[in-house]
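Take a look at this one; I'll ask things after.
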Amino acid sequence: MEGLMTIVKEGWRYKGSGNVMWMAHRISGLGIMFFLILHVFGMSMSFFNPALHEIMLETYKTPLFAVGELGLAACLVFHSINGTRIALLELRPEWWLQQKKATQYSLVATVVIGVPMILIMAMASINHFVK
Amino acid sequence: MKLHLKIKRFNPEHDKKPWWGEYDLDVEPGDRILDALHEVKWTLDGTLALRRSCAHGVCGSDAMRINGRNRLACKCLIKDEIKNGQIVIEPILGMRVLKDMIVDMDPFFAHYRSIMPFLVNDTPLPANGRERLQSPEDRQRFDDSTKCILCACCTTSCPSFWARGEYIGPAAIVQAHRFIFDSRDQAAQERLEILSDVDGVWRCRTAFNCTESCPRDIKVTKTIGEVKEALRTGVIA
């Protein structure tokens, strides 16, 4: 808990390039984990409690979850691209000089892949709810 | 030139939480941050507490956050750090503040000691009774990690360390690297075992804050990567 408080109170203010990416990676990872827990729980309810499963499926169709889905897509795109960058730098320590460039590339790739994807999803959701 | 120095102050004996001390000084652009801190301590407010010893970037005592990033106060010039006439000084992060800039370094040195920071070689000395010789290439292999002055700039800039103080931290890994890759040392496997612990080298998330903050320009993340590689492949080369 002390560590979390250090990060929440002061860590985000540290002016390094790494801590911002580290935090973004953690937050996106937590977002994906939250989805996975909800998903596994929901699917298991189809066996253990079909009525609850139905309620959950209906809830997923609400605008709140449509927005959550956009967040999930953003988390997935960023986390996978940034994770690849981290894995590559771990496997090849001698590439350390390229780290700033690699960070910039992963952010650009997140925007290039993520923004059109989210726009397409958002348009589909808007069409669904406006109808 | 005029300098407005904003220093995060905290004395646990009477402060419930940290507060900002603000001081206006006349300084030379080529003065170091440490000179400005001395000016405050010696002429404006004697209660300011900070560590410093050699004042020339060798002892590593005066690590602190200067304008939001870890630096040695004795190696930073005011002209390089001043922004809008102001410089902000805070203690390094992730360690318990004892007073103002002074933090409790005991856990840091405990991590350092845990990796056995000394040469281990039980074989008899050479016949002439003198030192164990090493080729220039073998010496070069760990040259970078010998530069560490244990200032804690790297460890306290690491988000993994902020999140979990038990993490051994970049400085201890750099020190371990210095011996693991030393051709004369015989305890590399033992050190690697210590570093493969749950709070060892795998807690590094390759954030690179350590490399950016090192006042000795050690390639810290690369060094940690080499230790990970040695653990992964079992090859120390």
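The values are calculated or read from the model by the stated rules, or taken from the named source; none is laboratory data. As the structure is a prediction and not an experimental result, all values here were calculated from the model. Cβ atoms come from the backbone with ideal geometry, glycine included; neighbour counts cover every protein chain shown.
Condition check: farther than 25 Å from B:ALA55 by Cβ, of a type outside the set (Val, Ile, Thr) and assigned to a loop (DSSP other than H, G, I, E, B). Does B:ALA110 satisfy that? Reasoning before the result, please.
Numbers: farther than 25 Å from B:ALA55 by Cβ: yes; of a type outside the set (Val, Ile, Thr): yes; assigned to a loop (DSSP other than H, G, I, E, B): no.
Considered against the rule, which asks whether it is farther than 25 Å from B:ALA55 by Cβ, of a type outside the set (Val, Ile, Thr) and assigned to a loop (DSSP other than H, G, I, E, B), B:ALA110 comes out as no.
Another question, then. Could you tell me whether B:GLU229 is touching a Gly at 6+ places or on another chain (Cβ under 9 Å), within 12 Å of chain A (Cβ to nearest Cβ) and either assigned to a helix (DSSP H, G or I) or among the polar types (S, T, N, Q) (or both)?
Details: touching a Gly at 6+ places or on another chain (Cβ under 9 Å): no; within 12 Å of chain A (Cβ to nearest Cβ): yes; either assigned to a helix (DSSP H, G or I) or among the polar types (S, T, N, Q) (or both): yes.
Criteria not met by B:GLU229.
In region A:54-111, how many residues are of a type in the set (D, E, K, R), farther than 30 Å from B:HIS177 by Cβ and in a helix (DSSP H, G or I)? Please lay out each step first, then the result.
Within region A:54-111, the subset of a type in the set (D, E, K, R) is A:54, A:58, A:61, A:69, A:85, A:90, A:92, A:94, A:100-101.
Adding the requirement that they be farther than 30 Å from B:HIS177 by Cβ leaves A:54, A:58, A:61, A:69.
Filter again for in a helix (DSSP H, G or I), leaving A:54, A:58, A:69.
Counting residues in region A:54-111 that are of a type in the set (D, E, K, R), farther than 30 Å from B:HIS177 by Cβ and in a helix (DSSP H, G or I) gives 3.
Going through B:SER196, B:SER213 one at a time, which residue ends up being under 30 Å from B:ALA73 (Cα atoms) and either away from chain A (no Cβ under 11 Å) or not β-branched (Val, Ile, Thr) (or both)? It would help to see each step written out before you state the result.
Details: B:SER196 fails: under 30 Å from B:ALA73 (Cα atoms).
Only one candidate qualifies: B:SER213.
Also, I was wondering about something else. If we keep just the residues of region A:49-65 that are closer than 22 Å to A:ASN127 by Cα and among the charged types (D, E, K, R), which is farthest from the chain's Cα centre (by Cα)?
A:GLU58
If I filter region A:1-45 down to residues being charged (D, E, K, R) and not in a helix (DSSP H, G or I), which single residue comes out as modelled with the highest pLDDT? Lay out the reasoning, then the answer.
Filtering region A:1-45 down to residues charged (D, E, K, R) leaves A:2, A:9-10, A:13, A:15, A:26.
If we keep only those that are not in a helix (DSSP H, G or I) too, we end up with A:10, A:15.
Details: A:GLU10: 87, A:LYS15: 93.
Going through the qualifying residues, I end up with A:LYS15.
OK, next. Only residues that are touching a His at 6+ places or on another chain (Cβ under 9 Å) and either within 20 Å of B:GLU166 (Cα to Cα) or facing chain B (nearest Cβ under 10 Å) (or both): list them for region A:1-52, please.
Correct list: A:HIS25 only.
Listed here are the residues, each with its yes/no results for (1) aliphatic (A, V, I, L, M); (2) more than 19 Å from B:MET64 (Cα to Cα); (3) touching a helix residue (DSSP H, G or I) at 6+ places or on another chain (Cβ under 9 Å); (4) surrounded by 13 or more Cβ atoms within 10 Å (Cβ to Cβ).
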position: B:VAL97; (1), (2), (3), (4): yes, no, no, yes
position: B:ASP100; (1), (2), (3), (4): no, no, no, yes
position: B:SER114; (1), (2), (3), (4): no, yes, yes, yes
position: B:PHE118; (1), (2), (3), (4): no, yes, yes, no
position: B:PRO126; (1), (2), (3), (4): no, yes, no, no
position: B:ASP138; (1), (2), (3), (4): no, yes, no, yes
position: B:THR146; (1), (2), (3), (4): no, yes, yes, yes
position: B:ILE149; (1), (2), (3), (4): yes, no, no, yes
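Could you list all residues from region B:199-210 that are within 11 Å of chain A (Cβ to nearest Cβ) and either farther than 26 Å from A:GLN98 by Cα or not in a helix (DSSP H, G or I) (or both)?
Filtering region B:199-210 down to residues within 11 Å of chain A (Cβ to nearest Cβ) leaves B:201-202, B:204-210.
Passing the criteria: B:CYS204, B:ARG205, B:THR206, B:ALA207, B:PHE208.
Against the definition (more than 14 Å from chain B (Cβ to nearest Cβ), surrounded by fewer than 12 Cβ atoms within 10 Å (Cβ to Cβ) and touching a residue at least 24 places away in the same chain (Cβ under 8 Å)), how does A:PRO63 come out, yes or no?
Values: more than 14 Å from chain B (Cβ to nearest Cβ): yes; surrounded by fewer than 12 Cβ atoms within 10 Å (Cβ to Cβ): yes; touching a residue at least 24 places away in the same chain (Cβ under 8 Å): yes.
When the stated conditions are applied, A:PRO63 passes them.
Quick grid of which residues meet (1) within 14 Å of another protein chain (Cβ to nearest Cβ); (2) within 12 Å of the chain's Cα centre (by Cα); (3) within 19 Å of A:LYS9 (Cα to Cα):
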{"position": "B:CYS59", "(1), (2), (3)": "no, yes, no"}
{"position": "B:ARG71", "(1), (2), (3)": "yes, yes, no"}
{"position": "B:ILE78", "(1), (2), (3)": "no, no, no"}
{"position": "B:ILE82", "(1), (2), (3)": "no, no, no"}
{"position": "B:GLY85", "(1), (2), (3)": "no, no, no"}
{"position": "B:VAL88", "(1), (2), (3)": "yes, no, yes"}
{"position": "B:GLY94", "(1), (2), (3)": "yes, no, yes"}
{"position": "B:LEU98", "(1), (2), (3)": "no, no, yes"}
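Still on this model: Hey, among B:ASN70, B:ASN11, which residue is outside the structural domain of B:LEU150 (by TED's automatic domain parsing), part of a strand (DSSP E or B) and at pLDDT 95 or above? If you could, list the steps in order and put the result at the bottom.
On the way: B:ASN11 fails: part of a strand (DSSP E or B).
Result: B:ASN70 is the single residue among B:ASN70, B:ASN11 that is outside the structural domain of B:LEU150 (by TED's automatic domain parsing), part of a strand (DSSP E or B) and at pLDDT 95 or above.
Here's a follow-up. Just name the residue that is nearest to the chain's Cα centre (by Cα) out of those in region B:127-141 that are within 14 Å of B:SER183 (Cβ to Cβ) and in a loop (DSSP other than H, G, I, E, B). Please lay out each step first, then the result.
Kept after step one, since they are within 14 Å of B:SER183 (Cβ to Cβ), are these residues of region B:127-141: B:131-141.
Remaining after also requiring in a loop (DSSP other than H, G, I, E, B): B:131-135, B:141.
Details: B:GLU131: 30, B:ARG132: 30, B:LEU133: 30, B:GLN134: 28, B:SER135: 29, B:ARG141: 21 Å.
If we take residues in region B:127-141 being within 14 Å of B:SER183 (Cβ to Cβ) and in a loop (DSSP other than H, G, I, E, B), then B:ARG141 is nearest to the chain's Cα centre (by Cα).
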